[in-house]
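Asker: One structure, pasted below without further comment.
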Amino acid sequence: MTTPISDMVPTQPSGRTDSGTKQPPGCGDQMDVEGTVSRPVRPHSISAQASHSAPSTGRSDGWLPSLEGLRALAVLGVVVHHVSFLSGLTNSFEPLAGPLARLDVGIAIFFALSGFLLYRPFALATIQGQAQPPIRRYLWHRALRIMPGYWAMAAVALVWLNIDYMKSVWDWAIPLLLAQIYQPLRLPVGMEQTWSLATEATFYLALPAIAVLGHRIGGRTPLVRARRQLAIGALLVLAGLTWNAYAHGPDSPLPGLAVLWLPAFLDWFGLGIMLAVLASWPSRTTSPPFLTDLAGGEPGRGNEDLWSATPRGLRVVTFAPGTSWLIAGALLWIASTPIAGPRGVEGATPVESVTEHLLFLAITWCVIAPLVGPGSGGVPRALLGHRAVLFLGRISYGIFLWHLLALEACFRLLGFTRMSSSFWVLLVLTMALTIPVATASYYLIERPARRLRRIWQRRADRPGLDVGADSLVQTPAPGPRAPSPVPAGPPTLAALLVPSTDTPEPQYQGGDRNEEQPRREHDQ
């Protein structure tokens, strides 16, 4: 993917840029992959003893530190990518120029995390033949997660850098309603990266429809239901790659901004959905292989669980975390070569665009799968669980929102020159400005919004209050009258994330990304 801020240089008199010529990679969540979620459903087939045990992937309260740390890694990659471009390093012949130009892979990681964390409760409910989470609550949580912080940043950016160009109500409404990717020249200065947040917001709206489809096609057994949801994820991956090839074609009738719309990133969201289905399946259960046969894998491997039923190559990078991350690094180096297209503002060809998406897809699997799979996570999980990394992950949404304004302040206040500045000096100063502002945004805006969300949820959960009308699907998935139980065996990864002191309740993803996890009370 090309530089997400390739169109950020304010060379146009209007103060806006035309992103239609190049697909900017920024960080969506996206960056909404930060926050808290409710706890997963405790399957009735899971014993109480199993529910009390802490999973290898995290603590017994369901908080996965590795995913929190991964948000930090992804957002720092996006910041470095932007600084590299605006300092001029991206287009230089420095050895690091190529790899830094491809750190926009953070957008793929964020989008996949959104697909994983937001679809996981829907996947779990469908596999178990249960009703799915309420759609109204889901949308309310999403809005409270991303909009307050975004509006605060947008107010500063629009008033400080774009006030001379805000001539009508429509000029204000487009960025405030995250519609900037549907109108040419509508990426205001200082918030150009929010194209990806607009794309992610579209995914939030589309996810319930995807979940309904996965639920309605159902199946008579949990295995069949899981297989069909995996197929939906695979179709989304194929659709995203196809859209990219078509939208980047020289004769494409689509507008230039089509490379920023949701269909262009369905492959990365689809990967997250597939991981969500795999992580919702019981470990080491007895079930016939289905992906193994297609991939020519070992007979009988599918008798263990869905993870083991995946092709052998994917199992290697899933169960060997260190090897998986080394492979991701090698793929990033390959992506930094011309095979994935130009580094700057030049338009990519269909082949280059699809190649880049495939490489980013593989990198994302190698990075995320070991953290959410049944393995230990190894060194990557230990590194991502460091306290400093976790803190950066906690404020990652604020870092994403405010870092371009910090960059703009560096240029304007310190007299730096675009495309001709010291990369390291600009990076240090940008982070020095961004982290305090992001921290303030987290504690003054994001956490209060989260408390408001919890208050609303408590009211909705009061005894006697009927919230069933909000449910996406209240009837069990298609099948026999008595839904088939989940195969007996050790608990699912999602089931192990249920705190032992809480009663079973549906997992509602409240807000990416990206995207949210249960978190300790003092962090909420």
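Asker: Out of all the residues in segment 259-307, which are modelled with pLDDT of 95 or more and either more than 24 Å from Ser196 (Cβ to Cβ) or of a type in the set (Asp, Glu) (or both)?
Answerer: Once the filter is applied, which keeps residues that are modelled with pLDDT of 95 or more and either more than 24 Å from Ser196 (Cβ to Cβ) or of a type in the set (Asp, Glu) (or both), segment 259-307 yields only Asp267.
Asker: Out of all the residues in segment 359-372, is one or more surrounded by fewer than 24 Cβ atoms within 10 Å (Cβ to Cβ), closer than 16 Å to Ala245 by Cα and in contact with a Ser or Thr (Cβ under 7 Å, 6 or more places away or on another chain)?
Answerer: No: segment 359-372 contains no residue that is surrounded by fewer than 24 Cβ atoms within 10 Å (Cβ to Cβ), closer than 16 Å to Ala245 by Cα and in contact with a Ser or Thr (Cβ under 7 Å, 6 or more places away or on another chain).
Asker: Does Gly214 satisfy the condition of being in a loop (DSSP other than H, G, I, E, B) and crowded, with 16+ Cβ neighbours inside 10 Å?
Answerer: Here the answer is no, as Gly214 does not meet what is asked.
Asker: Taking the conditions exactly as written (farther than 20 Å from His81 by Cα, crowded, with 20+ Cβ neighbours inside 10 Å and either modelled with pLDDT under 90 or not hydrophobic (A, V, I, L, M, F, W, C) (or both)), does Val379 satisfy them or not? Write out each step before concluding.
Answerer: On the way: farther than 20 Å from His81 by Cα: yes; crowded, with 20+ Cβ neighbours inside 10 Å: no; either modelled with pLDDT under 90 or not hydrophobic (A, V, I, L, M, F, W, C) (or both): yes.
When the stated conditions are applied, Val379 does not pass them.
Asker: Looking at segment 431-471 only, could you name the residues that are at pLDDT 95 or above, in contact with a His (Cβ under 9 Å, 6 or more places away or on another chain) and not hydrophobic (A, V, I, L, M, F, W, C)?
Answerer: Thr434
Asker: Restricting to segment 59-110, count the residues that are within 15 Å of Val372 (Cα to Cα), under 21 Å from the mean Cα position of the chain (by Cα) and not small (Gly, Ala, Ser).
Answerer: Within segment 59-110, residues that are within 15 Å of Val372 (Cα to Cα), under 21 Å from the mean Cα position of the chain (by Cα) and not small (Gly, Ala, Ser) number 9.
Asker: Among the candidates Thr323, Thr310, which residue alone is hydroxyl-bearing (Ser, Thr, Tyr), at pLDDT below 90 and surrounded by fewer than 21 Cβ atoms within 10 Å (Cβ to Cβ)?
Answerer: Result of the check over Thr323, Thr310: Thr323.
Asker: Pro222: over 26 Å from Arg450 (Cα atoms), of a type outside the set (Val, Ile, Thr) and either under 18 Å from the mean Cα position of the chain (by Cα) or surrounded by 23 or more Cβ atoms within 10 Å (Cβ to Cβ) (or both), yes or no?
Answerer: Values: over 26 Å from Arg450 (Cα atoms): yes; of a type outside the set (Val, Ile, Thr): yes; either under 18 Å from the mean Cα position of the chain (by Cα) or surrounded by 23 or more Cβ atoms within 10 Å (Cβ to Cβ) (or both): yes.
When the stated conditions are applied, Pro222 passes them.
Asker: Mind telling me which of the residues Arg418, Arg387, Arg394 ends up being under 28 Å from Leu161 (Cβ atoms), among the charged types (D, E, K, R) and surrounded by fewer than 19 Cβ atoms within 10 Å (Cβ to Cβ)?
Answerer: Arg418
Asker: Would you check if Val75 is part of a helix (DSSP H, G or I), out of contact with any Phe, Trp or Tyr (no Cβ under 6 Å at 6 or more places or on another chain) and modelled with pLDDT of 95 or more?
Answerer: Against the criterion (part of a helix (DSSP H, G or I), out of contact with any Phe, Trp or Tyr (no Cβ under 6 Å at 6 or more places or on another chain) and modelled with pLDDT of 95 or more), Val75 does not qualify.
Asker: Go through segment 104-117 and give me each residue that's modelled with pLDDT of 95 or more and either over 30 Å from Ile210 (Cα atoms) or aliphatic (A, V, I, L, M) (or both).
Answerer: Within segment 104-117, Val105, Ile107, Ala108, Ile109, Ala112, Leu113 meet the criteria.
Asker: Also, I was wondering about something else. So which residues in segment 341-358 are under 29 Å from Gly322 (Cβ atoms) and either under 17 Å from the mean Cα position of the chain (by Cα) or among the acidic types (Asp, Glu) (or both), if there are any at all?
Answerer: Glu356, His357, Leu358, listed by residue number.
Asker: Determine if segment 369-381 includes at least one residue that is under 15 Å from Ala328 (Cα atoms) and within 15 Å of the chain's Cα centre (by Cα).
Answerer: Yes: one or more hits.
Asker: Of everything in segment 78-95, what is over 12 Å from Ser421 (Cα atoms) and modelled with pLDDT of 90 or more? Give them in sequence order.
Answerer: Val78, Val79, Val80, His81, His82
Here is a yes/no grid of residues against (1) part of a helix (DSSP H, G or I); (2) on the phi > 0 side of the Ramachandran plot; (3) of a type in the set (A, V, I, L, M):
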site: Ala198; (1), (2), (3): yes, no, yes
site: Tyr204; (1), (2), (3): yes, no, no
site: Pro208; (1), (2), (3): yes, no, no
site: Ala234; (1), (2), (3): yes, no, yes
site: Gly240; (1), (2), (3): yes, no, no
site: Leu254; (1), (2), (3): no, no, yes
site: Ala276; (1), (2), (3): yes, no, yes
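Asker: Let me ask something else about it. Hey, can you tell me all the residues within segment 148-195 that are surrounded by fewer than 20 Cβ atoms within 10 Å (Cβ to Cβ) and closer than 16 Å to Ser441 by Cα?
Answerer: Result: Pro148, Trp151, Ala152, Ala155, Val156.
Asker: Of Val80, Val105, Val75, which residue is under 21 Å from Leu401 (Cα atoms), surrounded by fewer than 24 Cβ atoms within 10 Å (Cβ to Cβ) and not aromatic (Phe, Trp, Tyr)? Talk me through it step by step, then tell me what you get.
Answerer: On the way: Val105 fails: surrounded by fewer than 24 Cβ atoms within 10 Å (Cβ to Cβ); Val75 fails: surrounded by fewer than 24 Cβ atoms within 10 Å (Cβ to Cβ).
Checking each option against the conditions leaves just Val80.
The values are calculated or read from the model by the stated rules, or taken from the named source; none is laboratory data. Values in this document were obtained by computation on a predicted structure and should not be read as measured data. Positions of Cβ are backbone-derived with ideal geometry, glycine not excepted, and every protein chain shown enters the neighbour counts.
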